[in-house]
Amino acid sequence: MKTGRAVKVVSGAVAVLCAVVTLSACGSGSGSGGSAESGGLTPVTFAMASPSWNAGYAVMAVVEAEGFYEQEGLKVTTNLFPSATQAAQQVAGGGADLGLMTVEPVAIGHDKDLDLAYFSSYWAKWIYSLQVPDGSAVRSIADLKGKKIGVSAVASSGATFARTAMELNGLGQNGATLVPIGAGAQQINAIKSGQVDALALWDIQYQIVRNAGVTLTPLPVKETADAWGGGFATSRKNLEAKKDVLERFGRAVAKAFVFAKANPEAAIRDLWKLYPETRGSEPEEKALADGVKVLEVRLDGQGFDDKTLGRIDEAAFTRSLDFMASAGLIKKFPAKEIYTDAMFKAFNEFSYDEVVKQAESAG
């Protein structure tokens, strides 16, 4: 298999990540030990890889709206960034204490002295996939030859995934044309009108398309079956210097997951309360039902039953690295070099029952 072309797919991202290591802090974090106080709360700067808020991030709205950060003694400032690469850049450069990002930037930056590591899971499963409208003659990646694949943007992670999947399956990364179709209504119109033959998006985006009445069928990509998607990352020095802060942050998020699982409608309303633009223009009943469906995609497989919220599965993480290595995006290395699972037990040290009661009383 030729991998040179696949490496070019992420050359721009690698260049950005290489530049990161020379950056000085481009924002105000909470200090090397996380001990600076603001009104009795430890300030934390959080970089989230998303261009906007949506129901897929309702858990991160719940953690703020329900006071879980404050319960853990934290004052968290959340800043959004359009891509995982940019979120990683902020953390590596000192502009944020930690960030939420998919697995690619940290893995790609491993050999470039990015020096980041994951400490908690958020996307328990690989989130990108290729899907086609129900009834399509396309049954496999090979059938995409000469077709048009809709992506949010040609430089998106979904586009990188599509190129890599085609490369690994013998089609070549240019075997199909990638068509930028934006988000939301643009995506839905593109697939309904036949502008594209397939989609290369991520899990919650597919649910949004389904909410609009479009039935989709996934195309098998065996290389990412049972792979890990990504989570919360920080600098390696912070793993020790800010261990207590990271554990408190992870516990606050775990509480929000339990709340959202117990009362997903209340979680969506928390999102609407903090970010009214996410409400949309649909009638309330439909907007709420659609939001819950998107949120439930994120809640799937998180580890509620055995209280392992935030745990990173080594086998799943290794599967993700194998996918990237097989495409020539990274050199193979042990997963443990860019993650730790030493904190997830601390994340779950709270009363699930009390949080469930809070959720049930939320209306």
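The values are calculated or read from the model by the stated rules, or taken from the named source; none is laboratory data. None of the values given here were measured: they were computed from a predicted structure. Reconstructed Cβ throughout: ideal geometry from the backbone, glycine too, with neighbour counts over all protein chains shown. Each accessible area value is taken on the protein alone, full model and side chains, heavy atoms only, with ligands, DNA and RNA left out. Shrake-Rupley method; radii C 1.70, N 1.55, O 1.52, S 1.80 Å.
Both radii were evaluated on the Cα set of the chain; the Rg over Rh quotient, with Rh as the Kirkwood radius, amounts to 0.96. Helical runs (DSSP H, four residues minimum) scored at -39500 (n - 2.57) apiece and divided by the length of the chain put the mean residue ellipticity at 222 nm at -12000 deg cm²/dmol. Remark: region 168-295 carries 42 Å² of accessible area per residue (probe radius 1.4 Å; ligands, DNA and RNA excluded). Each Lys and Arg Cβ is given +1 and each Asp and Glu Cβ -1; about its Cα centre, the chain then shows a dipole of about 1180 debye. Here the calculated FRET efficiency for Thr217 and Gln71, from their Cβ-Cβ distance with R0 = 56 Å, stands at 0.80, rounded to the nearest 0.05. Legend: distances between Cα atoms for Lys145/Lys192; Lys125/Lys336; Lys242/Lys273; Lys147/Lys332; Lys293/Lys345; pairs beyond 25 Å are Lys242/Lys273; Lys147/Lys332; Lys293/Lys345. What share of the DSSP beta bridges in the chain is antiparallel, in percent to the nearest 5? Here the share of antiparallel DSSP bridges comes out near 50 percent.
Apolar share of the accessible surface for the chain: 49 percent from carbon plus sulfur atoms, 1.4 Å probe. Please find, in a Gaussian network model of the chain (springs between Cα atoms separated by less than 10 Å), the residue of Leu116, Leu171, Leu100 whose mean-square fluctuation is greatest. Result: Leu171 has the largest fluctuation of those listed.
Taking every pair of distinct Cα atoms and averaging 1/r, then inverting, what Kirkwood hydrodynamic radius in Å comes out for region 134-269? With all distinct Cα pairs of region 134-269 included, I get 17.5 Å. Here's the list of aspartates and glutamates a cross-link from Lys75 could span, going by alpha-carbon distance under 16 Å and ignoring same-chain residues fewer than 8 apart: Glu37, Glu64, Glu66, Asp97, Asp244, Glu247.
Computing Rg and the Kirkwood Rh from the Cα coordinates of region 185-253 gives a ratio, Rg/Rh, of 1.20. Sites listed here are trypsin sites (Lys or Arg not before Pro) in region 84-147 whose DSSP assignment is loop and whose Cβ has at most 15 other Cβ atoms within 10 Å: Arg139, Lys145.
A straight line joining the Cα centroids of region 314-353 and region 195-230 runs 22 Å.
Computed over the chain, relative contact order equals 24 percent, with contacts defined as Cα pairs under 8 Å that lie 6+ residues apart.
Please report the net charge: other residues with Cβ closer than 12 Å to the Cβ of Gly194, K and R +1, D and E -1. Walk me through the intermediate numbers first.
Numbers: positive: Lys147, Lys148, Lys192; negative: Asp197.
Surrounding charge for Gly194 is +2.
Both radii were evaluated on the Cα set of region 42-177; the Rg over Rh quotient, with Rh as the Kirkwood radius, amounts to 1.06. Once you reduce region 165-194 and region 54-114 to the center of their Cα atoms, the two points are 28 Å from each other. Each 5 Å bin, from zero up to the one with the longest distance, holds this percent of the alpha carbon pairs of region 195-300: 2, 9, 15, 17, 16, 15, 13, 8, 3, 1, 0.
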